[in-house]
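A quick write-up on the structure given underneath.
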Amino acid sequence: QLLKMKLSISGRCDLHKGLRIEISEQPHTMRQVTNIIIALQKFKQVRSTEFTDHELFNIIIENIVEGAVNLCFSALLYYRVIQCTVCDGLKKSLVQSQGTPNLLAVTLRGGNSNRSVGINLSTYTTPGCKATNGQPICLKIAQSNLYLACTKESGTSSQPHLILEDVKDEETLKTIEENDGMERFLFFRKVTGGSINTFESVKYPHWFISTSKNESMPVDMCVEEDTSRQKIFTLQDQKVI
């Protein structure tokens with residue numbers, strides 16, 4: 001048996017009637033149970049039983065909704081791989097830099113198109129819920145163990161950067177769990193207009209994979225508000241492998 005809370009919500013919350021507690025015989029999902037527990041824990045921390053509409057709304061949004069989002073990404077399961085090449089909004093292709101752990105964005109002409117690296121885009125499922133920030137993915141250089149990772153230098157307060165990291169055991173990326181240290185490889189892929197892609201870091205929200213407007217510069221991260229860099233990409237020659 002589970003406690004079930006009911007709030008009377010219309011144009012405004014009917015706070016004078018308070019909360020009504022019922023005993024329910026109906027089965028509940030684990031997500032519903034988690035949401036109820038989170039809400040009860042929050043209410044226990046509030047000294048007064050009288051809430052303004054604004055205070056009650058904030059409690060629900062900050063705890064029930066955010067708790068559900070965290071639950072969605074507590075475990076990501078490997079789903080499938082799409083192999084493709086990637087171009088930025090200025091038609092620059094991604095090219096592997098020689099001697100450095102970076103990708104460069106370069107305009108390729110004529111017979112140089114084969115310099116563009118193949119990218120394996122691995123998608124993940126989020127059991128029991130729908131991802132709202134985009135499709136969780138990781139990206140690696142095809143026919144290699146080099147994965148794109150968003151990270152900071154240890155012990156510094158520097159901004160996040162994009163690097164290529166050699167993953168010795170790729171099985172560790174088959175299932176990614178919350179706080180297992182693998183979030184640096186995850187990005188939210190969001191597609192608009194059918195072909196415009198953005199890639200937001202899961203570990204560092206609001207930081208996006210981006211390219212410089214100049215030629216042959218490293219692919220890196222930037223904040224969403226940075227208009228000096230390209231944050232949109234198109235995927236070419238896609239195929240499921």
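Taken together, the values in this text are just the output of simple stated rules run on the coordinates, not laboratory data. Since the model is a prediction, treat every value here as computed from it, not as a measurement. Positions of Cβ are backbone-derived with ideal geometry, glycine not excepted, and every protein chain shown enters the neighbour counts.
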Would you kindly calculate the mean projected area, averaged across all directions, of the convex hull enclosing the Cα atoms of region 89-170, in square nanometres? 8.3 nm²
Assuming a strict under-25 Å limit between Cα atoms, what lysine pair count do you get for region 164-213 once near-sequence pairs (fewer than 8 apart, same chain) are dropped? 5
Under the rule of at least 5 residues apart or a separate chain, name every residue whose amide H is placed under 5 Å from the amide H of Val219. Leu103, Leu104, Ala105
Between Gln143 and Ser195, what is the label-to-label distance in nm when each label sits 7 Å out along the Cα-to-Cβ direction? 2.7 nm
By its C-alpha gyration tensor, with a ≥ b ≥ c as the square roots of the eigenvalues, how is region 92-241 shaped: rounded for a/c under 1.5, else prolate for a/b larger than b/c, else oblate? rounded
On the Cα set of region 196-241, report Rg and Dmax in Å, please. 11.9, 35
